[in-house]
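Here the structure is laid out as structure tokens; the discussion comes afterwards.
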Amino acid sequence: MTPSLPTGLDDAAVSGRIVSRREVLAAVGGAAGVSWSRAGARAVADAAETPFRIRVYSGPLPLRLRLPNAVAGSGDWPPALRDATAAVEDAVAQVLDYARERSRLESLEITVERAGSIRPSRSAVRRPSDVVLPSLETVLDGFHRRLRGRDALTGSTCHLLLRWEPLNYRVGYGGTLSPNAHVGDDAHGSPGDALTVANVGASEVWDSRAVTRNMAIHETLHTFLSSDVAEAVGDSPCDHDLGEAIRTDDETLRVSPMASAYAGRDEIGAGTRFHGTGCYDHEAFHRHDGTDGVENWSYTTDLSEATLEGITRYLERAVGP
């Protein structure tokens, strides 16, 4: 599970190789990527019988966020949610590029769709405190009830809910919980669909847009990384340890998505404003250059090689021979 509560995508390097799916997404931009996901991705999925989808939902948003976008005619999703969705698209493209460059998963397609808004289910509230500050369990339970009511559980979909609750320390930056923690993972008793939450309100208010992008990727990728796959790749069952934190100079540490909120010192303001409460061990990271003397923290949406390999293996197992 990801952290308790309380820039921009890295520039792509220009090369002489064939333009990748990822570079196309980056060139088109976040807003266009969302447009493609809402219509074109669904058509592609139906035609190719895509085994996996990622559907992104918006939770309730304050009027101050919805109104400017409605007036501008850009829909009811503010830039933070659009950028978070585009970051997830980019991460998926990275995984597929990595696999195909190694002649793996060559026929697999994973679509990312923007699925609209979804309101909390009142029937999921279990105790009075959940009315004011719902726990992660309550949020995920309500999310599941709404999806079931919409007949949206397909057996092979990651459902990502983007919440705006900057003060909800019980949800923190987000997370996912069993039994809906992994997509199509029959080996671990998963029912097929996975549900996960990214609290973009927390990352936007307490951190930055770069952290918002990384945490949206982070929470999505949790559903494609089981502990046995993480251990096989990185000698640690903790999938956070597949991330990396690399020094770009003496005072700056650049953090990849799976390491976000876990790469800094376990104190307020070291890296993300609040440190994660899940598993991690800097010594077990794919790469961690240490935090001594680090004053600046940057966040890249580039996935570490260990993360790419872990997700590729997970998908290979899920797809089967």
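Got the relative contact order for the range 190-321 handy, in percent, Cα pairs under 8 Å and 6 or more residues apart?
Relative CO of the range 190-321 lands at 27 percent.
To the nearest Å, what is the center-to-center distance of the range 279-311 and the range 147-217, using C-alpha atoms only?
Between the Cα centres of the range 279-311 and the range 147-217 lies a distance of 21 Å.
Can you give me the solvent accessible area of Tyr280 with a 1.4 Å probe, rounded to the nearest 10 Å²?
Near enough 80 Å² of accessible area.
Evaluate the distance, in nm, between pseudo-label points positioned 7 Å from the Cα of Leu153 and of Arg64 along their respective Cα→Cβ axes.
3.8 nm
Any idea what log10 I(q)/I(0) is at q = 0.17, 0.20 Å⁻¹ for the range 192-321, Debye with uniform C-alpha scatterers and no solvent?
-0.83, -1.12
Over its Cα atoms, what ratio of radius of gyration to 2.2 N^0.38 Å does the range 139-243 give? Provide the component values of the computation, followed by the final result.
Values: Rg = 14.1 Å, N = 105, 2.2 N^0.38 = 12.9 Å.
The reported ratio for this selection is 1.10.
What do the square roots of 5 times the Cα gyration tensor eigenvalues come to for the range 131-186, in whole Å, largest first, as semi-axes of the equivalent ellipsoid?
Working from the Cα gyration tensor, I get semi-axes of 22, 13, 9 Å.
Compute, for Asp292, the solvent-accessible surface of its heavy atoms (probe 1.4 Å) with the complete set of protein chains present, and express it in square angstrom to the nearest 10.
So the heavy atoms of Asp292 present about 130 Å² to solvent.
The values are calculated or read from the model by the stated rules, or taken from the named source; none is laboratory data. Bear in mind the structure is a predicted one, so any value in this text is a computation, not a measurement. With ideal geometry, Cβ positions are generated from the backbone for all residues, glycine too; neighbour counts draw on all protein chains shown. Surface areas here come from the heavy atoms of the whole protein model, side chains and all, with no ligands, DNA or RNA. Shrake-Rupley method; radii C 1.70, N 1.55, O 1.52, S 1.80 Å.
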